[in-house]
Every structure is written in structure tokens, then in C-alpha cells.
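Here is the structure we will look at.
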Amino acid sequence: VVFDGQTLEPLVVHDVLSPDINGKELEEVRVAAIVASHFDPVWVMGLKESGYVAIVDYSKPDFPLVKKIPADLFLHDGGWDHTGRYFITAANAQNKLMVVDVKTQELVAGVETGETPHPGRGANWVDPEFGWVYATTHIGEGKLTLIGADPEGNPEHAWKVVREVELPGTGSLFLKTHPNSPWVWMDTPLSNVQEEAHQACVYSKEAMELEKCFEVSDRGRVVHFEYNKAGDEVWVSVWDPDGELVIYDDASLTEKLRIAEPWLITP
């Protein structure tokens with residue numbers, strides 16, 4: 001559905017139901033990640049059950065779906081590499097990250113990373129050994145996986161797993177970093193071990209290893225990090241009916257403030 005940005009009036013509705021990449025007829029196709037190109041007037045999205053990455057040209061009348069790029073099953077979350085040229089999305093059922101060149105509108109790689117990758121938007125930073133990387137955590141195993149993401153400057157490592165870091169806990173949904181931060185923050189909210197669902201883990205970009213994991217709350221599920229604009233503060237949710245927002249100083253990894261109010265229900 002495309003809306004008018006000012007009035008929120010629905011402008012057009014496109015049906016995305018079609019057979020999957022193997023020709024199998026489907027009863028539903030959900031739209032997963034949607035991202036906007038930084039360079040071209042297109043939206044890029046995952047068509048989950050069908051395994052296609054779709055391109056919508058919003059410079060044309062009626063916002064046509066101009067291309068469907070076969071990727072793999074089942075497409076879920078994803079985001080951009082550091083240049084904004086490559087859309088990287090998880091094919092959950094295949095334990096892969098799929099890499100699409102949005103400039104050429106072609107699939108360039110499928111990278112096996114671990115059991116049920118869930119990058120959210122993913123995270124980009126410069127690894128001291130491998131240069132630019134893109135990273136994901138996983139729902140099905142406790143692992144942070146880094147893939148090389150610089151096909152021009154570091155082609156020998158591009159779209160290959162370059163580093164795997166064991167995490168104490170499965171069920172990760174999100175990881176987040178910031179250009180001004182030395183850290184990568186990770187959650188494990190879907191772990192069936194209660195203590196792991198309460199924790200946050202932090203990876204050191206410089207040391208190239210897990211720095212530490214620590215308890216954020218004694219209840220609920222700790223999930224989803226957001227930096228402030230400066231990159232010196234991180235907010236995290238305690239996903240519980242009696243919810244909290246916890247704010248950390250990023251440099252010292254110490255708690256600055258905890259917001260707990262009656263209206264803060266499952267943030």
C-alpha cells in the first residue's frame with residue numbers, strides 16, 4: 001500500500017501474491033523488510049513466502065512493481081550495506097543472508113551464516129582485519145556472524161563469512177551500532193532461558209571479541225536498541241506489561257537512567 005505522505009490517503013494497493021521462486025502456488029505472500037534507496041527513486045522489499053526481492057519505482061504513475069529478483073525462502077528483515085548500494089536480507093528458512101545489488105537489480109550472493117539469521121536492519125562497521133563488514137545475529141543459535149561487505153576495496157572477502165563470535169544465548173532479534181561507537185549491542189529476547197532473555201551483550205569492534213553480557217532487567221524480555229544522534233547513548237526496551245526503557249552511556253556501558261511509568265506497557 002502506498003500512502004500520500006501528507007494526508008495519509010491510500011493512493012494505490014498492489015497485490016503481491018504469486019507463486020514462489022520454485023513455482024509453488026501460495027495462499028499468502030507477506031511483505032517483510034521495506035527500505036528506500038539513497039540513490040534511485042525506488043523502494044526495495046522482501047516478499048517473504050515467495051522468496052523474491054521486489055523493486056517499486058515511485059517516480060512513475062501508480063508506483064509500479066518493476067522487478068522481482070529471485071532470492072531464497074523465506075525473506076524477512078534486512079537493510080543496507082555501508083554504501084547503500086546493496087540490500088542484505090535474511091532468508092530465514094535457508095539460514096542465509098541474500099545480497100542484492102540495487103544498482104543493477106541483480107542477486108549477487110547468498111551467504112550461509114547460521115541458524116535462522118535475524119539481522120533487523122543489520123549493522124555495518126570497519127573491522128580492523130577485514131575492512132567493511134555487515135553483521136547479523138541469529139534466532140536459532142547463539143552466534144554473531146560478520147560477512148565481508150566491501151566488494152571494491154576488499155573483494156577477496158566480499159560476501160563471505162569472515163568472523164563468527166559465540167554468544168551466550170539464542171533468540172536474538174536485533175543488533176545495533178553507530179559510527180561513533182566502539183561497540184555493537186545485541187539482544188537475546190527469544191531465548192527460552194529466562195536469564196538470557198534479560199540480558200544485553202556487547203561486542204568490541206577494536207578487540208574483535210565479545211566484551212561482556214549483563215542483566216538489564218529481572219523481568220520480561222530485553223529487546224531492540226536505539227542510539228541517540230551523537231552515538232554516545234543507547235536506549236533499550238524491557239518488553240513486559242510492566243515495562244521499562246533503560247538508557248546507557250555508550251562509552252562506559254553504564255546505566256544513566258531507567259524510565260518506568262504506568263503508561264509504559266510492553267515497549
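Tabulated values for the structure
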{"item": "Accessible area (Å², per residue) of segment 1-55, counting only protein heavy atoms and a probe of 1.4 Å", "result": "61"}
{"item": "Volume per residue of the C-alpha convex hull in segment 103-177, rounded to whole Å³", "result": "99"}
{"item": "Rounded Å value of the spacing that divides the Cα centres of segment 156-224 and segment 52-88", "result": "27"}
{"item": "Residue-wise HN-Hα coupling along segment 86-102, computed from phi with Karplus coefficients 6.51, -1.76, 1.60 (Hz; x: Gly, Pro)", "result": "10, 8, 10, 9, 7, 9, 3, 5, 9, 6, 10, 9, 9, 10, 10, 7, 6"}
{"item": "Solvent accessible area, Å² - Y58, 1.4 Å probe, full protein context", "result": "90"}
{"item": "Bins of 5 Å, starting at 0 and running to the largest distance - Cα pair percent for segment 24-101", "result": "3, 17, 27, 25, 17, 8, 3, 0"}
{"item": "All lysines inside 24 Å of K60 as judged from Cα atoms, apart from same-chain residues fewer than 8 positions distant", "result": "K68, K103"}
{"item": "In Hz, Karplus ³J(HN,Hα) per residue of segment 164-179 (6.51, -1.76, 1.60; θ = phi - 60°; x = Gly, Pro)", "result": "10, 10, 6, 10, x, x, 8, x, 7, 10, 9, 9, 8, 9, 8, x"}
{"item": "Semi-axis lengths, Å, segment 82-228, gyration tensor of Cα atoms, sqrt of 5 times eigenvalues", "result": "26, 17, 13"}
{"item": "Links that overshoot a 18 Å alpha carbon limit, given the list K96/K143; K24/K48; K96/K160; K48/K160", "result": "K48/K160"}
{"item": "Heavy-atom accessible surface of segment 125-267: percent carbon and sulfur, 1.4 Å", "result": "51"}
{"item": "Segment D57-D40, length gained on full extension (0.36 nm per residue, minus Cα span)", "result": "5.3 nm"}
{"item": "Under 17 Å from K212, Cα to Cα: aspartates and glutamates that are on another chain or at least 8 residues apart", "result": "E164, E166, D187, E195, E196, D249, D250, E255"}
{"item": "Derived scalar couplings ³J(HN,Hα) [segment 253-267; Karplus, 6.51 cos²θ - 1.76 cosθ + 1.60; whole Hz; x for Gly, Pro]", "result": "6, 10, 6, 9, 7, 10, 9, 9, 9, x, 7, 8, 9, 6, x"}
{"item": "For the chain, diffusion coefficient by Stokes-Einstein and Kirkwood Rh (Cα), 20 °C, 1.002 mPa s, µm²/s", "result": "110"}
{"item": "Heavy-atom surface of segment 159-267, accessible at 1.4 Å and reported per residue (Å²)", "result": "50"}
{"item": "Value at 222 nm in deg cm²/dmol, rounded to 500, when DSSP H runs of n ≥ 4 in the chain each add -39,500 (n - 2.57)", "result": "0 deg cm²/dmol"}
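The values are calculated or read from the model by the stated rules, or taken from the named source; none is laboratory data. Computed from a predicted structure; not experimentally measured. With ligands, DNA and RNA removed, areas are computed over all heavy atoms of the protein, side chains included. Shrake-Rupley method; radii C 1.70, N 1.55, O 1.52, S 1.80 Å.
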